[in-house]
Amino acid sequence: MIAATLNAYLGLSAVLFAIGFLGVLLRRNALVIFMGLELMLVAATLALVAFSRFNATMDGDVFVFFILTVAAAEVAVGLAIVVALFRRSGTIQVNELDSLKN
Amino acid sequence: MTPARLAFLLLAAPLASAGATACFLRRRGRAAAALSVGVAALILAGALWLGFSGVRFEADREWLSLGGLVVSFGFKFDDLAALMLVIVALVGFCVHVFSLGYMSGDAAKARYFAGLSVFMFSMTGIVLADNLFMMFIFWELVGFSSWLLINHWHERPAACAAAKKAFITNRVGDFGFLLGILMCYWIRGTVNLTDLAVQTSSGFASYSRAIPLLLFCGAIGKSAQLPLQVWLPDAMEGPTPVSALIHAATMVAAGIYMLCRIQVLMVPQALDVIAWVGTATALYGALCAVTQRDIKKVLAYSTISQLGYMVAAFGLGSVEHRLESGEIVLVAAGVGAAMFHLTTHAFFKALLFLGSGSVIHGCSHEQDIFRMGGLARRMRFTFVTFTVAVAAIVGLPFFAGFFSKEAILALAFSRNRAIFAVLAFTAGLTAFYMLRLWRLAFLGRPRSDSAEHAHEGGFSMRAPLAVLAALAAAGGFTTLYPRALAGIVDWALEPEGAARVAVLSTSLAVLVAGGALALILYSSAAIGRAGAAAADNFLRDPLESGFPVIFGALVTLRDSFDTAYGYYIEKVQQRFAMLLNFVDLLGIGGLMRSLAGLVGLTGLQARALHVGRLNVYVFWFLAGVAVLWAFAAGIL
């Protein structure tokens with residue numbers, strides 16, 4: 001087994017982040033966009049954990065705890081909003097949700 | 001109660017009355033009238049007590065403190081103020097009572113009586129003020145109440161225009177007044193009347209011609225002196241009792257009173273100007289009165305003329321000469337004569353106006369004297385009282401005006417013969433136009449239906465006429481004045497020996513000449529001939545048909561000021577205003593508009609970014625991150 005280097009972790013993190021971002025950018029479904037957002041958070045978390053591991057400090061881990069907490073709250077609120085949105089307008093396709101503009 | 005507190009009460013009561021009317025009694029004309037008349041009675045009682053008991057006091061409180069400038073609110077109640085306060089209270093009360101009858105059918109009675117109360121408040125303030133700033137404040141307040149009351153019938157465009165004209169014309173004079181006050185404060189360091197008197201008597205070296213002349217500007221506006229007299233005839237659009245109180249007896253006399261208050265600031269050169277302005281005004285007013293057909297306009301021009309007399313009297317007899325040390329010897333003869341004439345004029349002119357109000361009321365609002373006639377039989381009471389007033393104003397011996405006019409003529413005779421000649425000629429004109437008015441309105445046959453069916457007013461209109469008639473008949477005998485009030489009037493010069501004979505014979509000669517001319521020119525036969533000569537059977541002025549050149553010249557003279565001001569406003573001021581407007585649009589407006597346009601344009605572009613699609617916002621977000629990164633990396 002090859003010991004993973006920091007760069008490998010960071011590369012994986014960057015790839016995950018890019019996938020998440022492209023998801024947010026290109027998809028039209030609010031749930032999928034939401035998943036993309038989560039993926040970006042996880043990518044950042046991974047990078048922080050890797051830094052923590054390779055620097056032998058706890059700084060990154062502390063960050064991760066906060067990010068997990070905030071992400072949990074955010075998911076709860078965000079999913080509730082998506083559900084409410086669906087009940088109200090019958091769709092969660094963001095290209096159809098343009099009442100602010102029109 | 002101390003006298004100062006009583007004075008404060010007299011000042012506060014009418015204000016409270018006006019406030020209460022404005023807040024609670026707008027729709028209750030009767031209650032508002034009762035309140036206002038009650039307050040006027042209170043002022044009369046207080047003024048009589050203060051005046052006759054001989055208490056004289058000064059009291060002041062700091063009111064405003066702006067850095068080094070301290071404006072105090074105080075009373076200076078000396079003999080001059082006592083006399084003026086009694087006049088104001090007396091005439092004011094008579095007019096209030098008369099208004100009960102005259103305005104009984106008016107829809108806006110509450111507003112009218114509230115206006116009268118505001119006026120009484122402001123006028124009392126002017127009389128009692130112990131410094132020029134306070135006087136100026138109340139000075140503006142009487143201007144405001146005058147505006148309010150001229151404008152009483154605001155549905156008439158003429159009344160609105162007249163009210164605006166009165167206010168704006170007064171503002172012109174008041175600007176000079178304000179500059180004078182500021183200059184007085186700048187040079188003398190105080191505007192308190194007593195302090196100024198102390199400075200002058202202790203030989204204060206500062207000797208300024210500008211201060212009295214600037215302050216006189218205020219009197220020119222308020223007392224309708226040349227060249228700002230144009231507002232007073234127009235002000236006759238207001239209700240007749242208002243004309244009697246404000247535009248004849250008290251407010252327009254405030255200018256004279258103010259001059260007497262600031263006598264200590266006078267210097268000989270300024271007094272010469274004042275005397276000549278007054279003389280010219282006296283002559284001008286009398287000349288204009290000759291051609292008027294409207295009974296109130298005749299009286300308005302007569303008021304201008306009589307105010308000119310007072311101003312001339314003040315100018316003639318206030319400063320004797322300047323000593324080597326720079327000290328100025330003040331002589332009170334001018335103040336005495338001016339205040340004496342002010343007093344008698346207040347009585348007989350208020351009586352004339354109230355009498356004309358009674359006539360107008362009786363003739364169902366007919367104001368043209370050529371459409372009156374024969375009122376002597378139909379309105380006997382008004383006729384008798386009006387005759388007393390006419391006798392007083394033309395200076396029939398032993399009536400009030402005779403003595404006060406003699407005092408002024410005597411002063412002119414001893415100081416300046418040219419002014420004496422003009423004033424004596426004016427006295428002849430006064431006799432002419434007053435007897436013309438009297439003859440046309442009361443004698444002869446009725447010349448219209450409304451004169452045919454004229455009727456006398458009720459008790460509330462007759463009682464004030466009786467009181468004022470008594471005063472106009474007896475007001476000239478200074479020995480009858482209570483000791484406390486006679487002080488000021490006694491300063492007037494008593495002519496002696498040859499001067500007395502000359503003055504007396506001149507005034508009697510012009511009286512007889514002017515009166516006889518009027519009675520001949522306006523005899524029934526002459527009026528009939530003039531009326532028959534006119535094709536449209538419109539009642540023509542015999543002067544107009546008999547002497548068209550003189551008549552035309554007088555009308556031109558009367559209109560010349562209005563024409564000149566109209567020309568100035570239309571051709572000069574309006575064009576200048578348009579130029580300024582153009583500069584404003586181009587410069588200031590242009591700058592502002594281009595700034596606003598810039599902001600608008602930015603907004604337009606910013607709005608284009610806002611498309612309402614989530615994905616697009618993410619793109620912008622990405623672009624933002626990229627820019628941020630570029631900054632952080634030092635690329636940008």
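Derivation of every value follows stated rules applied to the coordinates shown; laboratory data play no part. This one's a predicted model, so the numbers in the text were calculated from it and none came from an experiment. Don't worry about glycine lacking a Cβ; one is built from the backbone with ideal geometry, like all the others, and counts go over all protein chains shown.
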* **Within 10 Å of each Cβ in B:606-617, the average number of Cβ atoms from other chains** => 3
* Structure fact -> the stretch B:383-523: Kirkwood hydrodynamic radius (Cα pairs, Å) comes out at 16.7 Å
* **Cut-off under 5 Å, modelled amide H: who pairs with B:Gly74 long-range** => B:Arg61, B:Asp130, B:Asn131
* Structure fact -> Packing-ranked peptide list from B:356-369, A:53-66, B:549-562, highest mean Cβ count within 10 angstrom first, is B:356-369, B:549-562, A:53-66
* **the stretch B:435-473-the stretch B:278-294 distance, computed between alpha-carbon centres (Å)** => 23 Å
* Using only the C-alpha atoms of the stretch B:341-435, find the volume of their convex hull and express it per residue in Å³. => 95 Å³
* **Share of alpha-carbon pairs per 5 Å distance bin for the stretch B:151-290, given as whole %** => 2, 10, 17, 20, 17, 12, 9, 6, 4, 1, 0, 0
* To do: Please report how far the C-alpha centroid of the stretch B:373-392 lies from that of the stretch B:577-597, rounded to the nearest whole angstrom.
  => 63 Å
* **Nearest-ten-degree value, helix B:614-633 long axis tilted from longest Cα axis of chain B** => 80 degrees
* **When the convex hull of its Cα atoms is projected in every direction, mean area for the stretch B:187-268 (nm²)** => 6.2 nm²
* Spin-label proximity, B:Ser364 to the stretch B:226-259 - amide N less than 12 Å from point 7 Å beyond Cα toward beta carbon -> none
* **B:Ser560 versus B:Asp584: modelled label distance in nm, points set 7 Å from Cα along the beta carbon direction** => 3.5 nm
* To do: Multiply the residue gap between B:Ala502 and B:Arg380 by 0.36 nm, knock off their C-alpha separation, and tell me the result in nm, one decimal place.
  => 40.2 nm
* Asked: With each pseudo-label sitting 7 Å past Cα toward Cβ, what's the B:Met183-A:Leu79 distance in nm, one decimal?
  -> 8.9 nm
* Asked: What ranking do B:Glu544, B:Glu58 get, fewest neighbouring Cβ atoms within 10 angstrom at the top?
  -> B:Glu58, B:Glu544
* Using alpha carbons only, what's the Rg to Rh ratio of the stretch B:107-214 with Rh from Kirkwood? -> 1.12
* Given the C-alpha centroids of the stretch B:1-76 and the stretch B:227-264, what is the distance between them in whole angstrom? -> 21 Å
* **Simple spin-label estimate for A:Val49 and A:Ala18 in nanometres, 7 Å along Cα-Cβ** => 2.2 nm
* Structure fact -> Whole-Hz Karplus couplings 3J(HN,Hα) for the stretch B:153-158, θ = phi - 60° and coefficients 6.51, -1.76, 1.60, Gly and Pro as x, run 8, 6, 7, 8, x, 5
* To do: Calculate, for B:Leu601 and B:Ala22, the FRET efficiency according to 1/(1 + (r/R0)^6) with r their C-beta to C-beta distance and R0 30 Å; round to the nearest 0.05.
  => 0.05
* Asked: Quick one: if you take sqrt(5λ) for each eigenvalue of the C-alpha gyration tensor of chain A, what semi-axes come out, biggest first, whole angstrom?
  -> 34, 16, 9
* **Extension reserve of the B:Phe619-B:Leu480 stretch, reckoned as 0.36 nm per residue once the Cα distance is removed** => 39.8 nm
* **Packing-based order for B:89-102, B:383-396, using average beta carbon neighbours within 10 Å, highest first** => B:89-102, B:383-396
* Asked: To the nearest 0.05, how large is the calculated FRET efficiency for B:Glu62 and A:Ala8 if R₀ is 60 Å and r is the Cβ-Cβ distance?
  -> 0.10
* **Over the protein assembly as shown, volume per residue of the alpha carbon convex hull, in Å³** => 304 Å³
* To do: Scale the Cα Rg of the stretch B:44-140 by the rule-of-thumb value 2.2 N^0.38 Å and send over the ratio, two decimals.
  => 1.28
* What angle, in degrees between 0 and 90 and rounded to the nearest 10, separates the Cα long axis of helix B:29-52 from the longest principal axis of the Cα atoms of chain B? -> 60 degrees
* To do: Could you tell me which of rounded, prolate or oblate describes chain B, using a ≥ b ≥ c as the square roots of the eigenvalues of the alpha-carbon gyration tensor, with rounded for a/c under 1.5 and, failing that, prolate when a/b is larger than b/c and oblate otherwise?
  => prolate
* Pairs of Cα atoms farther than 21 Å apart, the stretch B:1-69, % -> 43 percent
* Overall dimensions of the stretch B:445-579 by Cα: Rg and Dmax, Å -> 23.8, 64
* Find which of B:Gly374, B:Ala158, A:Ala71 sits farthest along the positive direction of the dipole of the protein assembly as shown, computed with +1 on the beta-carbon of Lys and Arg, -1 on that of Asp and Glu, about the Cα centre. => B:Gly374
* Structure fact -> Over chain B, the sum of -39500 (n - 2.57) across DSSP H runs of at least four, divided by residue number and rounded to 500 deg cm²/dmol, gives at 222 nm -23500 deg cm²/dmol
* **In sequence order, calculated HN-Hα J values of the stretch B:421-429 (Karplus, 6.51, -1.76, 1.60; Hz; x Gly/Pro)** => 4, 5, 5, 5, 4, 4, 4, x, 4
* Asked: Can you pull the Kirkwood radius for the stretch B:538-636, inverse mean 1/r over Cα pairs, to one decimal in Å?
  -> 21.2 Å
* Plugging the Kirkwood radius over Cα pairs into Stokes-Einstein for the stretch A:1-42, at a temperature of 4 °C and a viscosity of 1.567 mPa s, what D comes out in µm²/s? -> 119 µm²/s
